[in-house]
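Have a look at the structure below before the remarks.
Every read-out reported here was derived from the displayed coordinates using simple, explicitly stated rules and does not represent laboratory data. Quick caveat: nothing in here was measured; it's all calculated off a predicted structure. A quick note on method: Cβ atoms are made from the backbone with ideal geometry, for glycine too, and the neighbour counts reach across all protein chains shown.
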Amino acid sequence: MAEIVTELGWMKQLLTEEEVGHLAMSDNGEPYVVPINYAYMDGRIVMHCSITGRKIDLIKKNPNVCFAVNRHPDKVKYHAEKRCHYRYHSVIVYGKAKFVESAQDRLTWIKRYRKYFNDRLDWKMFEDDDIKSAIRCGIILIDIEEMTGRREVGADAKAHEVLDRK
């Protein structure tokens, strides 16, 4: 059984712990969705990307976006009782996206993005203070206007535990 989650802490935790989301945009009324690596920082979704392309063009034309993140704690298994359910957690973000235009501002965000993953995943990514990084790498920021969450709890009471990983 799915339940709607309204706890901001739960939704923020899922956004913080996951690494890939799906960015949905509109191209003259046609949907366009791309999977993308992201970080949740300062109450925003931060993504690095190319500095050109369809995604950037669409955001500049229409900044209204939707961003979805999900986690699957259990894979589908045969249910002897012939029930059909799938445990999952998800957060959908609605907001305004913007491409960071200034190379200097992009460099600031790139450094923060690297630190985020270095600290979180114990990576030893290179440090690059050179503006060349920001000239070839784009940054998209999503200012969150609304968030909704859902989780499939199934018949197992343990499903209510906050964001169980395994």
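What the table below lists for this structure:
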quantity	calculated
Relative contact order %, the range 3-73, counting alpha carbon pairs below 8 Å whose residues are six or more apart	35 percent
Net charge contributed by nearby residues that have their C-beta within less than 12 Å of Lys12 (K/R +1, D/E -1)	-3
Cβ-Cβ FRET estimate between Lys115 and Lys12, R0 fixed at 22 Å, reported to 0.05	0.70
Chain lengthening between Lys96 and Glu30 when straightened (0.36 nm per residue, less Cα-Cα)	22.0 nm
Cut-off 20 Å, label 7 Å out along Cα→Cβ of Glu146, residues of the range 34-50 by amide N	43-45
